[in-house]
1. Would you confirm whether or not the stretch 391-402 contains a residue that is closer than 22 Å to ASP345 by Cβ, assigned by TED's automatic domain parsing to the domain that holds VAL496 and free of Cβ contacts under 8 Å to residues at least 40 places away in the same chain?
2. Counting residues that are of a type outside the set (A, V, I, L, M, F, W, C), within 21 Å of GLN619 (Cβ to Cβ) and modelled with pLDDT of 85 or more, which strands (runs of 3 or more DSSP E) fully inside the stretch 513-591 reach at least 2?
3. Quick one: in the stretch 292-327, of everything that is assigned to a loop (DSSP other than H, G, I, E, B) and crowded, with 18+ Cβ neighbours inside 10 Å, which residue is farthest from the chain's Cα centre (by Cα)?
4. Please state which one of ASP354, ASP330, ASP375 is assigned to a loop (DSSP other than H, G, I, E, B) and at pLDDT 90 or above.
5. I'd like to check which helices (runs of 4 or more DSSP H) are fully inside the stretch 176-226 and have at least 2 residues that are among the small types (Gly, Ala, Ser).
6. Can you pull out the residues in the stretch 610-633 that are within 20 Å of PRO337 (Cβ to Cβ) and surrounded by fewer than 17 Cβ atoms within 10 Å (Cβ to Cβ)?
7. Give the residue that is surrounded by the fewest Cβ atoms within 10 Å (Cβ to Cβ), with candidates limited to residues of the stretch 492-522 that are among the acidic types (Asp, Glu) and within 22 Å of the chain's Cα centre (by Cα).
8. Take the residues of the stretch 335-350 that are in a strand (DSSP E or B) and at pLDDT 85 or above: which is farthest from the chain's Cα centre (by Cα)?
Amino acid sequence: MTEAVRQLRSQGEQMKIRVTSALDQLLSLLRRVVDDHQVEREAKRLGSRPITDLANQFVRAVEKRDELMHWTRLRRGIVDARSDGLEPLLNAYDEVGEPYLGLIEAYDRVLDRSLARRAMEQHPEIGDNHALSFDDIRRRFQNLDKRIMDMRRLELIVTLASTSIPQGIQSPKKGECTEATLVRNELAKKKRHIPLRDLMERASNAIRVMKPCTMMSPSSVAQFLKPDQRFDLVIIDEASQMRPEESISALARAKQAVIVGDPRQLPPSTFFERQEGNALAEDDEEFEKVVVDSILDVARTAFQPCRELLWHYRSRHGSLIAFSNRHFYDDRLVVFPSPQEGHPDYGVKLLPVDGQYRASVNVPEANAVALAAVDFMTKNPDKSLGIVALNQPHRDMILAEMDRLFVRNAVAERYRARWAITLDPFFVKNLENVQGDERDVIFISTVYGPDEAGNLMQRFGPINGAAGDRRLNVLFSRAKYGVFVFSSMRPDQIRVGANTPRGTRLLKDYLTFAATGQLDTGTRTCHDCDSDFERFIKERLEAKGYEVVAQVGVAGFRIDLGVRHPEWPFGFLLGIECDGAAYHSGLSARDRDRLRQQILESLGWTIYRVWSTDWFRDQNRELAKMVDFIEQNLRDRLARHADELAKHEAFVRSQ
């Protein structure tokens, strides 16, 4: 079938070559004729015009011989083009009274459509494929792929559960018991347990079967395991924060190792190794001159190539990762587009505060953050929250203010208690210990601001240090839905020069980004459709009154068409995917037909897929189906939004 289509295409290309010269000649003549369309229409009416008009026409022809010559050559070119097989195409232009412009593009479309029809006539199995069969196949593949993954999990569980546990030696002398017998004896005791290091040695085989996966810190490995106890696989997570010497105890016991981390996040540092009396040294950028290498740095040097994980899942809004993607990852992260690009509660926002920085804290800013947190807890009980301050003293002040408000506000206390028993409890942390955390919404308190005299000292504590930029990268990428930046300083108050630390530059740029929403001062460019198929669908939907955006996305991943509706102000109503270049460029069926749509739907997208075979067969029917789907989706979203508002109002009244 593929060979037959290729032959048909070859025949069409030969025909195209034969008529191209005629088209080129015809278009050349058209450009040289003055008001050619008007002349052509007048020529057709010669037979029905009075003699005087004809006489005037001949006089004009004599006076403007150049135009007459061009007209003659044009008519000859039209006759030649018709004889070369273009008569139906030219007749179509004549019927609507249009000049012969865009002939080459029109010919290409007619040729492609004719070839497609002939291919479908000669190979009916192509025409038998339609949306129902395609969608059924995709759904079946998705279900089977999920079932296979579930079965593999069950297979692993069965394999582990069916492995017999070594019972070891059972002896009246407790000191001679080993393996499972020793473990049971220790569980039965209430006191005088043997050292854990001895237990791990004498019952190592039983413990390995009962708990095949062990989570330990590097110091625990060295403390509780003897050198001859080995692991099949050691995984080191957050490896950018682990010194090489700390990892030796685990790596020396490993047959294989996987070292995972982000080289652009926090490195090992001496930040917490200062004495208690030097707490105020946080505002001194001289405290940290040397940042040691991590085991991740060593591994990246020793083992090449590294496997990069570029799909970014956390952010539900493109702006949450856009700054880090640009300044730290060279726009290489694959960022999935968000349908809620216009939602007021999503993205990065700057909230100016009229505060003063004094003695390492900013009292007005701490109070503003605490009050905003209580307001958030009241209005968004189903979203998690974290607060990050840029230094430890200010963090302590915010925490104390939150504790005071929890005592006075029953709604906020219920929020805190509810989230405390989950994996995402409410927290107030400083910049140094927030790596690894994520929350739905993050409040950032920048702390620094002008003094009583209105002067902003250009000292920003750890941000001015050797790894200040990496600290900020961690901070900027903690949120799923929104980041609210509380700041007593304006971006223009931060002075940058040739020797300004990169962390300070990035702080200034991020405040500008939070205030404007723009990564750079250039004009935002719009993306064009990837194919004529997408462009045609876009034009038909726009003719129905919808706003349609082509290639929606931030970086690395785009939806073919995004549809907005004036009655839905919270971003895109749905996305339309076509089986065009983006679909066929998927590296695997799992990426193309399951993971892609699964991720988009988890972000809130409603996806409508258009198959080219159905559109080719009856585009009016497919357009009507698409419009019905859009309108039904609009009604459903408006109804859900109204229900959510009613539930929220009821919750507020109940509190």
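1. Within the stretch 391-402, one or more residues are closer than 22 Å to ASP345 by Cβ, assigned by TED's automatic domain parsing to the domain that holds VAL496 and free of Cβ contacts under 8 Å to residues at least 40 places away in the same chain.
2. Strands (runs of 3 or more DSSP E) meeting the threshold: 559-564, 574-578.
3. Applying the filter and picking the extreme gives SER294.
4. When all the criteria are applied, what remains is ASP354.
5. 179-188, 204-210, 218-224
6. Once the filter is applied, which keeps residues that are within 20 Å of PRO337 (Cβ to Cβ) and surrounded by fewer than 17 Cβ atoms within 10 Å (Cβ to Cβ), the stretch 610-633 yields only PHE629.
7. Taking the candidates together, the pick is ASP520.
8. LEU350
The values are calculated or read from the model by the stated rules, or taken from the named source; none is laboratory data. Quick caveat: nothing in here was measured; it's all calculated off a predicted structure. For neighbour counting, all protein chains shown are included, and Cβ atoms are generated from backbone atoms with ideal geometry for every residue, glycine included.
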